[in-house]
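The values are calculated or read from the model by the stated rules, or taken from the named source; none is laboratory data. All values derive from a computational prediction rather than experimental measurement. Cβ placement follows ideal geometry from the backbone for every residue including glycine, while neighbour counts extend to all protein chains displayed.
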Amino acid sequence: MTGSRRDLIEKILYHVEKPGRYVGGEHNQIVKDWGSVDTKWCLIFPDIYDIGQTNLGLAMLYQILNAEKNILAERSFAPWVDMEEELRKHRIPLFSLESKKPLSGFDILGFTLPYESIYTNVLNILDLAEIPMFTSERTAEDPLVIAGGQACFNPEPVSDFFDAFVIGEGEEVILDISRVYGSWRQAKLPRLDLHLALAKLEGVYVPSFYSVSYHPEGLISEIKTNQPGVPQKITKRIVPVLPPHPTKFLVPNVEIVHDRMSVEIMRGCTRGCRFCHAGMVNRPVRQRDASVIIPTIQEAVNATGYEEVGLLSLSSSDHTEILDLTRQVYDCFHEQKLAFSLPSLRIESFSLDLMDELKELKPGGGFTLAPEAATERMRAVINKPLDDHDFYQTVTKIFEKGWRSLKLYYMIGLPTETMEDVDAILQAGIKVQQIGRKLIGKSVKIHLGIASLIPKPHTPSQWLPVHNPDSIQEKLDYLKAGTRKAGIKMSYNIPDSTLLESWLSRGDRRLNQVVFNAWQRGAKFDAWGERDNLHIWRNAFAEAEIDPDFYAYRERDLEETLPWDHINIGVSKNFLKRDYQWSQQGRTRADCRESCFMCGILDAFGEDRPADGFGYWGCP
């Protein structure tokens, strides 16, 4: 990078709100000599630094790639609007944090897509980097543009913008991609040959090799390959044994949304909640032993100086060693006065012993539970059975142990939901508040977090329609009025955000044009509800002559070809169909640890499956 360009970047930072987002140089940052490596990655999180730097997946890939002698990995994030204005004014292409090199100078751009409402940010980043947005317009001189993350299990709405997608877990496949890229570049072959080589990697989807046809009424007729030798279905990539955990976390320059160290203790979930995308696509369960977790925490604390640690998983209290783990954490770290959080606790998994250990880990802190629905009927519909007596007994124990703050997560917009079910949420909050006040007084704080159901791909809910915004708003208004009167805090997702996410998560390839139109009209940072971009998106749909209601309010037929049917998550579509039908009957499934329902996840890996079944409880 030339001195004059670096000087110009430093100069414009005086004109932006948080220059620390763009300077790099954090503690534990890795900077390699560009002349000493063969392959150069830029890992990109398409939201601002404050949000993206908290992403554990980004930290894992950063460590894995930089551990390779011949590979370097740097980072970049979406600039906030003030920085974008300065970049465009001074004609400075978007750059990486470590070396300040333009993104166009890297070999591979690896985007993390954890949710769909950052799609327009991707286009904005490519535009700021002066890289062709459409893969069909890129040449051998342009970077390879790929993506991975939870949103990639239906990548069709942005399939025109990416050369390839990683379906599933990336810790191993990123090194495969690096090797394929290195061989291709050394051979000096056309870009098509690179795509062909990538398509032969397990878990890598090259959308340009697949064609989609439609019936006159708009339903998908067929998804088929247009290139010999590529698989008809792309099976997600699984890491059989969780790799070593990152320990040398980057310590950020500015305050970030979760300013703590995160340690993944378990991946996957056996519970089978019918609305839960993560619970389906992250099967099978694998967990880290306490004997591995404790040294990881110690090494990470020594390397960062963090004073708070989050022990992360989809269902932390289902870890088979959770009680022993929390005891070891307390024994090893209480003198260092580290604060620990253990989110995603299941009410059914609680014990008094566990509650005692949690109290020791974070004295005076808040407690979080996720009943999701407030009536037993609705909990049966979503396969989250919970007896009301057990729920209130657990709440009583929480207050008796001294916690003064309790957050409860609920969902609205569920199938067969009535206003009586919505009122039950309010009444549950009030009853919990009464229990708390009786035990510890008026200082008790109750917080209801309300989310709206988005029927996500690869879940038993994927055939359902979304409730319209007016219906959702009516329920939110009812809850807001009731919680305000009761003195209960309430947070919620706005209906516009729910509608946008439903379009993008359930869309097909025709939405590529809509995403492009929305970006051209100024849509970005769509995850930030206060930006009020929904009118831009409606105009983008109109310009493309596509009806957005087709993707939101239409109930899918069980025999319909869905846009993501060629993406194989290991859980069979027949299993999801049965679970959808059971949902309509109010019929529940037991935890997979108690009985195997043959979802297909183990069959998907056949002879390659380790003898321990990935530690997947209930499976042979």
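Quick check on Ile118: is it touching a strand residue (DSSP E or B) at 6+ places or on another chain (Cβ under 6 Å) and crowded, with 22+ Cβ neighbours inside 10 Å? No. Listed by position, the strands (runs of 3 or more DSSP E) inside region 111-214 whose residues that are free of Cβ contacts under 8 Å to residues at least 24 places away in the same chain and not acidic (Asp, Glu) number at least 2 are 210-214. Within region 1-27, being in contact with a Lys or Arg (Cβ under 8 Å, 6 or more places away or on another chain) and either within 18 Å of Asp50 (Cβ to Cβ) or exposed (fewer than 12 other Cβ atoms within 10 Å of the Cβ) (or both) holds for one residue alone: Gly24. It is to be established whether one or more residues within region 468-479 are among the aromatic types (Phe, Trp, Tyr) and within 30 Å of Ala151 (Cβ to Cβ). No; the residues of region 468-479 include none that is among the aromatic types (Phe, Trp, Tyr) and within 30 Å of Ala151 (Cβ to Cβ).
Annotation: Trp528 fulfils all but one of (1) within 26 Å of Phe134 (Cα to Cα); (2) crowded, with 16+ Cβ neighbours inside 10 Å; (3) under 25 Å from the mean Cα position of the chain (by Cα); the unmet one is (2). If you go through region 266-284 and keep only what is in contact with a helix residue (DSSP H, G or I) (Cβ under 6 Å, 6 or more places away or on another chain), over 13 Å from Ile382 (Cα atoms) and either basic (Lys, Arg) or modelled with pLDDT under 95 (or both), you end up with Cys269, Pro284.
Only a single criterion out of (1) under 30 Å from the mean Cα position of the chain (by Cα); (2) farther than 21 Å from Glu169 by Cα; (3) not in a loop (DSSP other than H, G, I, E, B) is not satisfied by Gln29, namely (3). Taken over region 59-78, the criterion of being more than 19 Å from Gly182 (Cα to Cα) and without any contact (Cβ under 8 Å) to a residue 60 or more places away in the chain is satisfied by Arg75, Ser76, Phe77. Output the residue which, of all residues in region 455-499 that are among the aliphatic types (A, V, I, L, M) and under 27 Å from the mean Cα position of the chain (by Cα), is modelled with the lowest pLDDT. Applying the filter and picking the extreme gives Ile494.
The residues of region 452-479 that are of a type outside the set (Asp, Glu), in a helix (DSSP H, G or I) and under 14 Å from Met419 (Cα atoms), listed by number, are Ser471, Ile472, Gln473, Lys475, Leu476, Tyr478, Leu479. Looking across region 440-454, the residues that are closer than 26 Å to Phe153 by Cα and either surrounded by fewer than 24 Cβ atoms within 10 Å (Cβ to Cβ) or among the hydroxyl-bearing types (Ser, Thr, Tyr) (or both) come down to Ile450, Ala451, Ser452, Leu453. When Gln336 is tested against (1) surrounded by 15 or more Cβ atoms within 10 Å (Cβ to Cβ); (2) at pLDDT below 95, exactly one condition is not met: (1).
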